[in-house]
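Data first, discussion second: the structure below is written as structure tokens.
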């Protein structure tokens, strides 16, 4: 009964461990899947990592297809090593500090080409003294495009914004009074302010001449292109270092729980359990019972008399004597069979002392071992 309960308990513990491991693996797989974007389009608006409608994953692929060297700068802009011979895209920035603006302005002044844009451009006055003025009103199609952007005739947008005034820059793309793109020459470089970034997004990139417009913004190939991803929350750390602190704590707790379970079950390791409890030999039980009987009767001669009769009978049988053999014949048979004088005396004399009782016991033991029968 106890063994059955132990097996049931171990089976239950094993099932619980397996279920817990499956749940933990599912949670970890789901978290990793969400961390890398999963199988569904996802990401941050304006990010070159984004595969959703407002992402720029398609734009990065377009540049790679046309042999532009594409790179991504994670972390703070001030820590990025920007190549002044290339074009930097800062699209829909969520955060942009004054130090970041200063680094971008320095990049453009040193010969770089900066393309920056997005709704509610809070950074304008930190980049130019007379920046363009943004308006939430836009137009769906722009047809007036400057030749320096290449063979671009129509640009489709979501009409989510435009420049109502160009400031110190010149308009490169417009439709009537709505301007989509302005250009400010800064030092030996330039800043291109984009009022509506939708032509570069995955949802619009393949429409009209939007792809050609994107290539015109980047400049002639093979000019390096770099996307600033720190403004979308992508830190400089990668791999395990990029995991959120909550994830790290969860992994530590899970590892500690696994170690605790292994430690608690460690006593199961070692030699296997015996199939059953080893019992004492029957002969020892008989001797013990006989000793108890002798102590209770306090008359060893009377208590051992049946044992003497059994021993005589066995000696006679071994010597092939008949049932009516005399004591003298049995004694001669015992001598022939090699029994000691003490053992022969135990056959006839009443065992009134310990020595005689032990001699009788040795004789009975020898007879039992010879034919496998016990009295």
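Every number here is computed from the coordinates shown, using simple stated rules; none is lab data. Here the structure is a predicted model, which is why all the values come from computation and not from measurement. Glycine gets a Cβ as well: all are built from the backbone with ideal geometry, and neighbour counts include every protein chain shown.
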Quick calc: nm separation of the 7 Å Cα→Cβ label points for residue 318 and residue 358 -> 2.1
Placing each pseudo-label 7 Å from Cα in the direction of the beta carbon, residue 148 and residue 65 end up separated by a distance in nanometres of 2.7
Per the 1/(1 + (r/R0)^6) rule, R0 = 41 Å and r from the Cβ atoms of residue 253 and residue 97, FRET efficiency to 0.05 is 0.70
Distance in nm between residue 53 and residue 125 label points, each 7 Å along Cα→Cβ, equals 3.4
